[in-house]
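Enquirer: This is the structure, below, for whatever I ask next.
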Amino acid sequence: MTIQVFIVDDSAVVRQVLQAALSQDPEITILATAQDPVFAWDRMQRLWPDVVILDIEMPRMDGVTFLRKIMREHPLPVIICSSLAESGAQITLDALAAGAVQIIQKPQSGLRDFLQKDAPEIIRAVKSAARANLRNMRPQPVSAVLPVAAHLLLQKSTEKVIAVGTSTGGTQALEVLLRALPVTVPGIVVVQHMPEKFTAAFAARLNSVSALEVREAMDGDRVLPGRALIAPGGKHMRLIRNGAQFAVQVFDGPLVKHHRPSVDVLFRSVAQVAGRNAWGVIMTGMGDDGAQGLLEMHGAGAHTIAQDESSCVVFGMPKEAIKLGGVDEVLPLQQIASRLPRTVEGVR
């Protein structure tokens, strides 16, 4: 049975090239295309697709408004495919919060070459979206700004570190996790698969709804209690030791498991640098990035947790980690925070 895709984009070139790229895979069928959401909604009600690929800037109705309408009236897996400059990061986060399962960033120029070159990634995104568990893609409520971690806590070094890796569905899962943690929690390092230029805005959003200090990591940042560092899109991040303290190194490098940042890169460094002083968490996402790294953390004495299938949007990364034997516990998302260490030695 093929995956039926509906493409909604006001550019005829984009519709044509996306259709050609996806048609390379015999498991994908283009059900229909439309130049705007109003026309698309009329067509979709006659035959519902399995996956929608949606632009943001379109006539008559913008993509985020249409996404909210879809998720409210007939929930479907939606991939946002849009030309978004750095200034458009907030609207991308709005789309993720509204229920989009994935973001594909189109360049401002060289569109045809980009879509053709990245056809394998687009195909993977569609297949991932088709397997998404929409029950776990509920829109996140807007919350009041919470205080950041107390300055006193940030003066202390951490003797433990929590490493988290996630992908599809992870923007919402991370919000659930970080909001449940107190400011006394050990320092946290995170890889979330996300396009370049959007992680700073994503970190700012998490900072506004969490008691923790959450920010996009910079090279040399210290890992401190009450602080969560998000790996920048387009860069790898590894844990390093600076004397008796943990810090992060942000650097360029080749794609690992099709990703940069890669969860495996982070987890392997945590295994080498922190050993049994670390906790590893692998959450919702497609593929196997992080599975081998979590196994190495497990072998180095770290305590490791995988999100369970019932609470994942895509049970790919956790499933692969479990298969390799590197997971100590398999828990629902809502229970993961309660299992993590709540304090650092000397911080109460």
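Enquirer: Which one of these is surrounded by fewer than 21 Cβ atoms within 10 Å (Cβ to Cβ), within 21 Å of GLN90 (Cβ to Cβ) and either more than 15 Å from the chain's Cα centre (by Cα) or touching a residue at least 40 places away in the same chain (Cβ under 8 Å) (or both): ALA211, ALA217, ALA201, ALA173?
Expert: ALA201
Enquirer: In this structure, is THR65 without any contact (Cβ under 8 Å) to a residue 60 or more places away in the chain and either part of a helix (DSSP H, G or I) or aliphatic (A, V, I, L, M) (or both)?
Expert: Considered against the rule, which asks whether it is without any contact (Cβ under 8 Å) to a residue 60 or more places away in the chain and either part of a helix (DSSP H, G or I) or aliphatic (A, V, I, L, M) (or both), THR65 comes out as yes.
Enquirer: Follow-up. Looking only at the range 275-285, decide whether some residue is at pLDDT below 95 and closer than 19 Å to ILE230 by Cα.
Expert: There is at least one residue in the range 275-285 that is at pLDDT below 95 and closer than 19 Å to ILE230 by Cα.
Enquirer: I would also like to ask the following. When you look at PRO232, is it surrounded by 24 or more Cβ atoms within 10 Å (Cβ to Cβ), on the phi < 0 side of the Ramachandran plot and in a loop (DSSP other than H, G, I, E, B), yes or no?
Expert: no
Enquirer: Another question about this same structure. I'm trying to understand the selection: among the residues of the range 316-342, which are within 25 Å of GLU121 (Cβ to Cβ) and at pLDDT below 95?
Expert: Result: GLY316, single match.
Enquirer: In the list MET317, MET283, which residue meets the criterion of being under 24 Å from VAL183 (Cα atoms), in contact with a helix residue (DSSP H, G or I) (Cβ under 7 Å, 6 or more places away or on another chain), hydrophobic (A, V, I, L, M, F, W, C) and surrounded by 14 or more Cβ atoms within 10 Å (Cβ to Cβ)?
Expert: After applying the criteria, what remains is MET283.
Enquirer: Same structure again: Identify, please: which residue in the range 124-143 is assigned to a helix (DSSP H, G or I) and of a type in the set (S, T, N, Q) and is, among those, modelled with the lowest pLDDT?
Expert: The extreme case among them is ASN136.
Enquirer: I'd like the full set of residues that are more than 27 Å from ARG179 (Cβ to Cβ) and not in a loop (DSSP other than H, G, I, E, B), limited to the range 237-255.
Expert: Hits for the range 237-255 are ILE240, ARG241, ASN242, GLN249, PHE251.
Enquirer: Is the range 307-314 home to any residue that is at pLDDT 95 or above and of a type in the set (Val, Ile, Thr)?
Expert: No, every residue in the range 307-314 fails to be at pLDDT 95 or above and of a type in the set (Val, Ile, Thr).
Enquirer: Can you tell me which of (1) crowded, with 18+ Cβ neighbours inside 10 Å; (2) over 20 Å from the mean Cα position of the chain (by Cα) is the one LEU324 doesn't meet?
Expert: So the condition that LEU324 fails would be (1).
Enquirer: Now for a separate question. Among the residues of the range 236-268, what is the count of those that are surrounded by fewer than 18 Cβ atoms within 10 Å (Cβ to Cβ) and over 18 Å from THR168 (Cα atoms)?
Expert: The total comes to 11.
Enquirer: Say whether the condition of being in contact with a strand residue (DSSP E or B) (Cβ under 9 Å, 6 or more places away or on another chain), over 21 Å from PRO120 (Cα atoms) and buried (at least 22 other Cβ atoms within 10 Å of the Cβ) is met by at least one residue in the range 28-35.
Expert: For the range 28-35, residues in contact with a strand residue (DSSP E or B) (Cβ under 9 Å, 6 or more places away or on another chain), over 21 Å from PRO120 (Cα atoms) and buried (at least 22 other Cβ atoms within 10 Å of the Cβ): absent.
Enquirer: Which pairs do you get when a residue that is among the aromatic types (Phe, Trp, Tyr), found in the range 93-118, comes within reach of a residue that is surrounded by fewer than 17 Cβ atoms within 10 Å (Cβ to Cβ) and modelled with pLDDT under 80, reach meaning Cβ atoms under 6 angstrom, with the pair 6+ apart or on two chains?
Expert: Listed by first residue and then by second, the contacts come to PHE114/PRO107.
Enquirer: Still on this structure: Can you tell me which condition LEU178 does not meet? The list is (1) surrounded by 24 or more Cβ atoms within 10 Å (Cβ to Cβ); (2) at pLDDT 95 or above, and all the others hold.
Expert: Result: LEU178 fails condition (1) only.
Enquirer: Right, here's the next one. Out of all the residues in the range 67-81, is one or more under 26 Å from GLN19 (Cα atoms), out of contact with any Ser or Thr (no Cβ under 9 Å at 6 or more places or on another chain), of a type outside the set (D, E, K, R) and at pLDDT below 90?
Expert: yes
The values are calculated or read from the model by the stated rules, or taken from the named source; none is laboratory data. Quick caveat: nothing in here was measured; it's all calculated off a predicted structure. All Cβ positions, glycine included, derive from the backbone under ideal geometry; neighbour counts span all protein chains shown.
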